[in-house]
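The values are calculated or read from the model by the stated rules, or taken from the named source; none is laboratory data. Predicted model, so just to flag it, every value in this text is computed and none were measured. Cβ placement follows ideal geometry from the backbone for every residue including glycine, while neighbour counts extend to all protein chains displayed. These accessible areas exclude ligands, DNA and RNA; they are computed on the full protein's heavy atoms, side chains included. Shrake-Rupley method; radii C 1.70, N 1.55, O 1.52, S 1.80 Å.
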Amino acid sequence: MLAIIGGSGLSQLDNLEITRRQVLRTPYGEPSSPATFGRVGGVEIVFIARHGYGHTLAPHEINYRANLWALRDLGVEEVIAVNSVGGIGDGMAPGVLAIPDQVVDYTSGRSHTFFEGADQPVVHVDFTWPFDPAVRTALLQAGAAAGIALADGGVYGATNGPRLESAAEIARLRRDGATLVGMTGMPEAALARELGLAYAMIALVANWAAGCGDSTNRIELDQIPAILDAGMIHVRELIVQRARQLPA
Ligand code: HPA
């Protein structure tokens, strides 16, 4: 089964034929939202709202472990994460949809592994390529089939938030090679890897990051909702197209 974790701007999937909702429990506590099951493009998918349906959970308050654990418990094999991001790199302008291929993690104080505690072995998962290459390729093919322009690749810098970054912090991220910045991609991607889930991200650029593009002096937050609304139309189409590629 395919799972979608929706972020800011995607707290539900309008084109989902809803079949049922289920409250989820895990050894790590409750996930961000109940799971919504439905059919998209002829296949069953499950949706979780990362910030909760009322968008009440800040990035550092999200129970990433519960979200991923619950999805794995439901029999999910593939996870498509939808994340709104700031653009740092050339071409990563507001409205762009990117399929990142790398991560730099600047978060702290989050539960970032399942392998801790006296009863757990120490396990070091390979994270050379943080996003599943096959799911990335499938998303890029889905974009081409649906006529949706996608940036192939991107380095996602994960910051703690909830405040936005200073211009100097973004300049540092740029020096580190980050082309996108967001607050929720980690530890989510790493936890998915620990559970063996095939995980990839659709990143929608909501704004130029601090000090970049038209955000030299400040980030105009009131412009973001319209950009997210317009971009999420394409994200929904992309998800439908990806679902259609899967066996019904
Ligand atoms: N920084 C961090 N996270 C974000 C941004 C940003 O500029 N825009 C959307 N999510």
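Structure values in brief
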item: Sparsely packed trypsin sites (Lys or Arg not before Pro) within the range 117-217, loop by DSSP, other Cβ within 10 Å at most 15; result: Arg163
item: Segment Ala248-Ile233, extension gain: residue separation times 0.36 nm, minus the distance between their alpha carbons; result: 3.1 nm
item: Environment charge at Val240 (Cβ cut-off 14 Å; Lys +1, Arg +1, Asp -1, Glu -1); result: 0
item: Apportionment of accessible area to carbon and sulfur, the range 2-245, percent (1.4 Å); result: 50 percent
item: Rg and Dmax [Cα atoms of the range 1-66; Å; Rg one decimal, Dmax integer]; result: 11.7, 35
item: Sequence-distant residues sharing a close amide H with Met201 (under 5 Å, placed H); result: Ala81
item: Derived scalar couplings ³J(HN,Hα) [the range 192-203; Karplus, 6.51 cos²θ - 1.76 cosθ + 1.60; whole Hz; x for Gly, Pro]; result: 4, 4, 4, 8, x, 7, 7, 10, 9, 10, 9, 9
item: Å² of accessible area per residue within the range 2-245, as computed with a 1.4 Å probe and no ligands counted; result: 43 Å²
item: Gaussian network model of the chain, springs between alpha carbon atoms under 10 Å - residue of Leu140, Leu74, Leu191 with greatest fluctuation; result: Leu74
item: DSSP bridge pairs, the chain: antiparallel proportion in percent, nearest 5; result: 35 percent
item: ³J(HN,Hα), Karplus 6.51/-1.76/1.60, whole Hz, each residue of the range 35-48, x for Gly, Pro; result: 8, 9, 9, x, 10, 9, x, x, 10, 7, 10, 10, 10, 10
item: Extension gain (nm, one decimal) between Val122 and Gln22, 0.36 nm per residue minus Cα-Cα; result: 32.8 nm
item: Long-range HN-HN contacts of Ser84 with modeled amide H, under 5 Å; result: Ser8, Leu204
item: Sorted peptide list for 11-18, 116-123, 39-46, criterion being average Cβ within 10 angstrom, highest first; result: 39-46, 11-18, 116-123
item: Protection proxy ranking of 213-226, 79-92 - average other beta-carbon atoms within 10 Å, highest first; result: 79-92, 213-226
item: Environment charge at Leu2 (Cβ cut-off 9 Å; Lys +1, Arg +1, Asp -1, Glu -1); result: -2
item: Local electrostatic count, Glu44, Cβ distance below 15 Å [Lys/Arg +1, Asp/Glu -1]; result: +2
item: Of every Cα-Cα pair in the chain, the percent that sits beyond 24 Å; result: 42 percent
